[in-house]
């Protein structure tokens with residue numbers, strides 16, 4: 001499973017590095033009011049994030065029964081770390097289109113925290129019912145709140161953040 005996580009991380013770093021090297025510096029932009037990131041590039045980034053997540057789910061699903069409880073927790077925690085790292089790496093790019101992509105990769109980063117916490121509580125610690133639900137809610141709320149706190153000063157272009 002480590003090679004798969006490494007492949008996902010390398011893919012994210014490659015795409016982010018390619019974008020950072022190919023974009024022109026702000027001073028050399030011919031028309032400052034024009035979109036710096038083409039719409040097709042933004043769409044490909046969304047599709048890439050979805051394909052990474054789908055490929056990850058397919059690969060893990062094939063071997064799920066062979067994986068130990070700690071391995072299952074590590075898979076979800078590792079996936080969250082991959083998406084968090086991708087989001088952090090492209091966070092420095094100020095274009096609104098890229099910031100929307102950061103918001104999209106932040107979602108699976110938070111979403112995989114729930115199964116990681118649930119598997120840790122139920123399969124590893126052998127908790128049941130209420131304590132497992134409380135552990136999941138605490139981890140997801142804390143992680144989401146931490147991301148919000150870190151990024152609250154950034155101006156978001158998401159329609160959900162207006163108002």
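Every read-out reported here was derived from the displayed coordinates using simple, explicitly stated rules and does not represent laboratory data. Treat the numbers as computed from the prediction; the structure is a model and nothing was measured. So basically every Cβ, Gly included, is an ideal-geometry build from the backbone, and we count neighbours across all protein chains shown.
Compute the length gained on full extension between residue 65 and residue 152: take 0.36 nm times their separation in residues and subtract their Cα-Cα distance, giving the result in nm to one decimal.
Full extension of this stretch gives 27.3 nm more.
Multiplying the sequence separation of residue 137 and residue 125 by 0.36 nm and subtracting their Cα-Cα distance, what value in nm do you get?
Result for the pair: 2.7 nm of gain on full extension.
FRET efficiency for residue 88 and residue 51, Cβ-Cβ distance as r, R0 = 22 Å, nearest 0.05?
Step by step, r from the Cβ atoms, then E = 0.60.
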